[in-house]
Amino acid sequence: MTNREPVFRRGHRVLWRRSYDTVLVLPPGAVSPLSLSRAGSALWDLLYDWSTADELARELGVESAHGVDAALADMVRATVVTRQE
Amino acid sequence: MTSATAMTITDLLADVAAVGLPGVADREIESPLDDRRWRSLLVSVADQRLSGFLMETISLAEMAVTPEQLAEAVSLHREAMSLALVLDRTLLEVVGCFAEHGIATRVLKGSAHAHLLYPDPALRSFGDIDLLVRGADLPKAVELLVAAGGRRRHPEPRRGFDRRFTKGACVVTAPGYEIDLHRTFASGRFGLQMDPEALFERSEAYDLGGCTLEALAAEERFLHACYHAVLGSAQPRLSALRDVAQMAIAGRFDSDRVLSIAERWGGECVVAKAVLAASTTLSVDAGPIGSWAAGRRETDSEQRVLAGYMGDTRNSAVQALAGITAVPNTRARLDYLLALVLPTSTSSEGRLRRWRRGWRALVGGRHR
């Protein structure tokens, strides 16, 4: 069976830096960087390669992927994460 | 463990700048600094662009801080990293624009050092963009930046000076970011004795936002770090000394090639001074090149030329006028001198005053 769940990865043109317990990302065209929350930063660390929301939730040790879905949707809207169907 | 009260701010800063280097004495600061000393340290950390190293010092538990102090250090680092990100993006735009117009570049210092020298680019802060371009391309490069809304800080003193003699040109972009376009590593004699064309023969690439940028090759990068540390300001910036130490200790370059280029450029004294300053200030063993530097003696002539770049005797006019001997022929010397003494561009009063002071410093002694 083919896995048809969308997969996510950091936008490969997105510039970012780690700063203590957070990650700063500069979306294309934005004037200043966004500061990810601690949870968002943990998610960012896992987004170095394509993953589904379920896989990311498992890696983060959370039972439901709902929170991860919402965070990914925000990151996709901010154009710092790429979604592929 | 060390009591914070037993250390001066200068010692504390040096420890911060040296954090993580092999062989550095492990001196943990067991109790937080009092408010006055913390404030003084933080101001110096910002000035010396050491916020990444301060965060590393705190993260490795080598310096105890209060929750308020931690918040201030984090805030300073975020500010520095936000600037670094915006500068990195500006760099990509500028390099892309130059490439479209056939202008080759080598990224110098800040961004290149952050990405090539350190395990995490967040350790290395920077406040501007430094790009090497060929002398022949410099006027076009300036023109492109000005056409994009930038403003050149100092005008070219005479037509043709940029192509043949200048260290570089500084353009401030519309949002206020400084772009230093370099033709050589230094003004005056040390810059004029270099072979800038050779800097484009090799390179080391790094990835930035999915694009490939070219930095100097390892040996030339080390030389530039040394030139910048010693000749770039009256007192070497600690982040510049850290760059020198980081490269010397990692040893990812051919020391013989470094010294052979330095000899050709008349810059052995600069390399020796930078390596000694880095190893002394940061209390590290700079490896084989450190041993070479410790055994080298400066000549009287080298000391005289270096005096124009360092400490209280630093003077840009002295540097430029002393460079005359490095200009290859009589005609070129005349052009160089004419540009220095009788610039056709509008010069500020301040600039003229510096020239007069420099001239007096060079010739004044003979009339006393």
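Laid out as a table, the results:
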{"read-out": "Residue satisfying all of: in the range B:250-275; of a type in the set (Gly, Ala, Ser) and within 22 Å of B:LEU21 (Cβ to Cβ); modelled with the lowest pLDDT among these", "value": "B:GLY251"}
{"read-out": "Considering residues of the range B:88-110 that are within 12 Å of chain A (Cβ to nearest Cβ) and buried (at least 22 other Cβ atoms within 10 Å of the Cβ) only, the residue farthest from A:PRO28 (Cα to Cα)", "value": "B:LEU91"}
{"read-out": "Total residues in the range B:269-285, condition buried (at least 21 other Cβ atoms within 10 Å of the Cβ) and either more than 19 Å from the chain's Cα centre (by Cα) or at positive phi (or both)", "value": "1"}
{"read-out": "Search result, residues across the range B:202-227 that are surrounded by 24 or more Cβ atoms within 10 Å (Cβ to Cβ) and either more than 22 Å from B:ASP88 (Cα to Cα) or within 9 Å of the chain's Cα centre (by Cα) (or both)", "value": "B:LEU223, B:HIS224, B:ALA225, B:CYS226, B:TYR227"}
{"read-out": "Residue ID - farthest from B:SER51 (Cα to Cα), chosen from residues in the range A:1-19 that are away from every other protein chain (no Cβ under 14 Å) and either in contact with an Asp or Glu (Cβ under 6 Å, 6 or more places away or on another chain) or surrounded by 15 or more Cβ atoms within 10 Å (Cβ to Cβ) (or both)", "value": "A:PRO6"}
{"read-out": "Entirely in the range B:8-59, the helices (runs of 4 or more DSSP H) that have 3 or more residues that are over 24 Å from the mean Cα position of the chain (by Cα) and either of a type outside the set (S, T, N, Q) or surrounded by fewer than 22 Cβ atoms within 10 Å (Cβ to Cβ) (or both)", "value": "B:35-47"}
{"read-out": "Residue within the range A:43-66 that is in contact with a helix residue (DSSP H, G or I) (Cβ under 6 Å, 6 or more places away or on another chain), at the interface with chain B (Cβ under 10 Å from one of its Cβ atoms) and buried (at least 17 other Cβ atoms within 10 Å of the Cβ) present", "value": "no"}
{"read-out": "Top-ranked residue in the range A:20-37 [being within 12 Å of chain B (Cβ to nearest Cβ) and more than 17 Å from B:ARG89 (Cβ to Cβ); ranked as nearest to the chain's Cα centre (by Cα)]", "value": "A:LEU36"}
{"read-out": "Residue, surrounded by the fewest Cβ atoms within 10 Å (Cβ to Cβ), within the range B:121-150, restricted to residues that are within 22 Å of the chain's Cα centre (by Cα), outside any loop (DSSP other than H, G, I, E, B) and among the β-branched types (Val, Ile, Thr)", "value": "B:VAL142"}
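For every residue, the table says whether it meets (1) in contact with an Asp or Glu (Cβ under 9 Å, 6 or more places away or on another chain); (2) within 11 Å of chain A (Cβ to nearest Cβ).
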{"site": "B:VAL43", "(1), (2)": "no, no"}
{"site": "B:PHE53", "(1), (2)": "no, no"}
{"site": "B:MET63", "(1), (2)": "yes, no"}
{"site": "B:ARG78", "(1), (2)": "no, yes"}
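The values are calculated or read from the model by the stated rules, or taken from the named source; none is laboratory data. The model shown is predicted, which means the values in this text are computed figures rather than measured ones. Don't worry about glycine lacking a Cβ; one is built from the backbone with ideal geometry, like all the others, and counts go over all protein chains shown.
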